[in-house]
Amino acid sequence: MSGQSALRKVEKVIEPVRMTDGAGVKLRRCIGTQALDYLDPFLQFDHFGSHSPEEYQRGFPMHPHRGLETITYVLAGKVKHKDSLGKKEEIIAGDVQWMTAGRGVVHEEMPQGIGNHMEAFQLWVNLPASLKMSPPRYQEIKDARIPWMNPMKGVTVRLIAGQIGGVTGPGVGAAGSLLLMDVTVDCDHVFDYSLSSDLTAFAYVFKGSGEYCGTLIEPARLVVFGEGDCISIKGGLHRTRFLLAAGKPLKEPVARFGPLVMNSNAEIEQALREIRNQTFPNGR
Ligand code: MN
């Protein structure tokens with residue numbers, strides 16, 4: 001860290017809310033809840049997974065999306081994905097699916113265990129007004145394309161999107177400037193990272209405790225970073241592992257109806273009318 005860097009403070013610590021979504025998937029939600037409705041540009045963040053198939057296998061049957069991106073990162077098992085045009089993908093442990101719904105995708109997401117175990121994250125990122133009705137786009141980012149890095153001793157990073165040193169992760173947000181990485185910090189080692197103050201940033205701590213900008217955090221918690229331009233994370237006794245996400249806030253009005261996220265209620269009504277009339281774009 002340079003002498004001029006200001007360490008970001010821990011602004012909020014969010015405890016996941018346990019809930020059931022889709023056709024009966026048990027999940028832990030940190031963004032898109034009463035405690036944290038919207039963390040501009042992040043609309044929703046879910047952690048799901050279990051060793052009991054009845055807690056995930058009913059999945060998320062066909063549903064529409066408009067006006068946002070969904071990023072699915074699978075840690076164990078897989079998620080079988082299919083859209084209404086018949087496009088199919090298996091998102092297997094280690095893979096990321098980055099779906100820019102734009103003007104519309106209708107899809108299903110069905111988790112499957114391997115040896116009954118499945119675990120995944122899904123992050124929803126809002127799109128700016130100028131891109132809400134853009135053509136849908138999929139980035140299928142297979143495990144092998146995501147670089148493993150050791151930016152400092154005792155620190156392991158899987159760089160999904162964003163930059164560390166001269167390396168850029170394979171994922172690209174439609175609105176640019178999105179950062180997403182899976183970081184492990186060994187006991188008593190430290191991960192220092194520059195994160196300019198104009199970015200909204202959070203860490204979702206899912207394994208092992210650590211000191212996050214000076215605050216001891218136990219899993220599973222979501223840490224929202226406040227003002228400043230760098231973060232510093234020190235691993236606890238059993239290492240700490242977290243997803244780090246950052247993005248530029250859009251500062252636009254949000255009109256939200258489940259998986260449809262627009263700027264005005266009129267635009268939501270328009271989408272609902274298209275769904276009723278069966279003219280919703282279906283990804284075309
Ligand atoms: Mn979906």
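Regarding the range 227-243, can at least one residue be identified that is without any contact (Cβ under 8 Å) to a residue 12 or more places away in the chain and out of contact with any Asp or Glu (no Cβ under 7 Å at 6 or more places or on another chain)?
Going residue by residue through the range 227-243, those that are without any contact (Cβ under 8 Å) to a residue 12 or more places away in the chain are none.
No.
If only one of R221, R241, R256 is of a type in the set (K, R), under 25 Å from S84 (Cβ atoms), at pLDDT 95 or above and surrounded by 17 or more Cβ atoms within 10 Å (Cβ to Cβ), which one is it? Can you show your working first?
Details: R221 fails: under 25 Å from S84 (Cβ atoms); R241 fails: under 25 Å from S84 (Cβ atoms).
The unique qualifying residue is R256.
Consider the range 148-160 and keep the residues that are buried (at least 16 other Cβ atoms within 10 Å of the Cβ), of a type outside the set (S, T, N, Q) and free of Cβ contacts under 8 Å to residues at least 40 places away in the same chain. The one that is nearest to A245 (Cα to Cα) is L159.
Taking E15, is it closer than 30 Å to D229 by Cβ, under 19 Å from the mean Cα position of the chain (by Cα), surrounded by fewer than 19 Cβ atoms within 10 Å (Cβ to Cβ) and touching a residue at least 40 places away in the same chain (Cβ under 8 Å)? I'd like the intermediate steps shown before the answer.
Details: closer than 30 Å to D229 by Cβ: yes; under 19 Å from the mean Cα position of the chain (by Cα): yes; surrounded by fewer than 19 Cβ atoms within 10 Å (Cβ to Cβ): yes; touching a residue at least 40 places away in the same chain (Cβ under 8 Å): yes.
Answer is yes for this residue.
Going by the structure shown, is K87 in contact with a helix residue (DSSP H, G or I) (Cβ under 6 Å, 6 or more places away or on another chain) and either crowded, with 23+ Cβ neighbours inside 10 Å or in contact (Cβ under 8 Å) with a residue 24 or more places away in the chain (or both)? In short, no. Looking at the range 1-108, the strands (runs of 3 or more DSSP E) lying wholly inside it that each contain 2 or more residues that are of a type in the set (S, T, Y) and at pLDDT 95 or above sit at 68-76.
Have a look at L123, L178 and point out the one that is crowded, with 23+ Cβ neighbours inside 10 Å, of a type in the set (A, V, I, L, M) and farther than 30 Å from T279 by Cα.
On the way: L123 fails: farther than 30 Å from T279 by Cα.
From the options L123, L178, the qualifying one is L178.
Pairing residues of the range 53-69 that are touching a residue at least 40 places away in the same chain (Cβ under 8 Å) with residues that are among the charged types (D, E, K, R) and within 9 Å of the ligand (Cβ to nearest atom), at Cβ distances under 7 Å and at least 6 apart in sequence or on separate chains, gives G59/E108; G59/E109; F60/E108; F60/E109; P61/E108; M62/E108. With respect to (1) more than 18 Å from the chain's Cα centre (by Cα); (2) surrounded by fewer than 18 Cβ atoms within 10 Å (Cβ to Cβ); (3) more than 16 Å from the ligand (Cβ to nearest atom); (4) not basic (K, R), the lone exception for D143 is condition (1).
The values are calculated or read from the model by the stated rules, or taken from the named source; none is laboratory data. Keep in mind that this is a model prediction, so the values were computed, not measured. Positions of Cβ are backbone-derived with ideal geometry, glycine not excepted, and every protein chain shown enters the neighbour counts.
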